[in-house]
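Taken together, the values in this text are just the output of simple stated rules run on the coordinates, not laboratory data. Computed from a predicted structure; not experimentally measured. Every residue, glycine among them, receives a Cβ derived from its backbone with ideal geometry; neighbour counts consider all protein chains shown.
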Amino acid sequence: MDSPPVDNLTDFQVHPQQMVDKDGEKLVAIVKATFELYPDQPLELATKPRQRMIRQADLPWGKKEVSSYMFPGDLCLRKPGTDVIVVARAHAPNGVPVPYFDAGIAIGQLRKLVRVFGLRVWEAGGNGVTPPSPIAEMEMRYDFAWGGCDASDPAKILEEARNPVGRGITRDNSQLTHKPAPSIEDPLELISSVRTKPKPAGIGPIGRHWEPRRKYIGTYNEAWLESIAPLTPPDQDDRVTAARRPSCGRRRRSSATSTSRC
């Protein structure tokens with residue numbers, strides 16, 4: 001059945017969507033408003049041409065299923081909290097290229113800081129990383145952080161579930177030699193070799209199939225297929241819709257502010 005028409009008398013974007021829940025179909029109304037904030041100006045509603053449309057699917061930085069996500073989709077049944085999504089490019093102080101610099105975001109009590117490195121590659125067997133080349137800016141993408149996936153053995157896929165699109169995960173460390181090393185790191189847990197294996201550091205939305213979202217998806221097994229499908233599993237947790245990692249953020253596209261220079 002098609003979704004009903006909506007008589008929208010507001011200046012916001014509105015989209016009705018039928019979605020499947022644990023106990024049947026639900027009609028959900030997604031309402032989206034775009035506000036703009038400029039220095040020394042009050043927060044104001046964006047003009048019609050500048051309003052963000054409702055996204056019905058995740059928008060990746062690059063190829064779907066290969067790249068990290070720029071914007072998450074807007075459609076969901078429930079949101080247990082507020083997502084703060086950062087879509088940004090980090091800049092070195094004064095735009096001058098340096099080997100590395102720190103960049104971060106602060107929203108209220110929320111703080112996130114990462115260290116951005118210029119291009120560097122793994123030394124032989126991942127036993128170290130080369131000195132970084134100077135860099136002036138970088139997109140804040142999890143593709144450039146620690147992580148990755150090695151599907152060379154389909155029966156036993158090796159991955160960093162918290163960031164399967166990153167750099168560093170492999171069965172054969174010799175394959176890393178002269179390949180790009182992570183360029184975005186946690187300043188308190190810097191990588192010295194492939195054996196460091198830190199928590200992935202980044203700023204941006206977390207993929208739907210990544211951890212920690214993955215553990216909330218519920219149980220899809222034979223019992224679900226035989227007696228529950230196409231409804232969602234009864235043990236699915238609403239936190240599966242949260243597109244952020246704790247202490248990571250969400251907001252309109254902007255530039256991350258660099259906080260120090262090296």
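Quick check of the Kirkwood formula: for the stretch 105-189, what is the inverse mean of 1/r over all pairs of different Cα atoms, in Å?
By the Kirkwood definition, the hydrodynamic radius is 14.0 Å.
How are the C-alpha pair distances of the stretch 104-257 spread across 10 Å bins, as whole percents from the shortest bin up?
10, 33, 31, 17, 7, 1
If you place +1 on the Cβ of every Lys and Arg, -1 on the Cβ of every Asp and Glu, and leave all else neutral, what size is the dipole of the stretch 31-156 about its Cα centre, to the nearest 20 Debye?
360 debye
Under a point spin-label approximation (7 Å from Cα along Cα-to-Cβ), what is the Ala136-Met19 distance to one decimal in nm?
4.2 nm
Convex hull over the Cα atoms of the stretch 1-155, averaged projected area in nm²?
Averaged projected hull area, Cα only: 15.7 nm².
With no solvent and one point on each alpha carbon, what is the Debye value of log10 I(q)/I(0) for the stretch 15-64 at q = 0.18, 0.26 Å⁻¹?
For the stretch 15-64 at q = 0.18, 0.26 Å⁻¹, log10 I(q)/I(0) is -0.81, -1.00.
Taking H as built 1.01 Å from N, whose amide H comes closer than 5 Å to the amide H of Gly168, not counting residues under 5 places away?
Gly147
Treating only the Cα positions of the chain as identical point scatterers, give the base-10 log of I(q)/I(0) from the Debye formula at each q in 0.08, 0.14, 0.17 Å⁻¹.
-0.40, -1.07, -1.36
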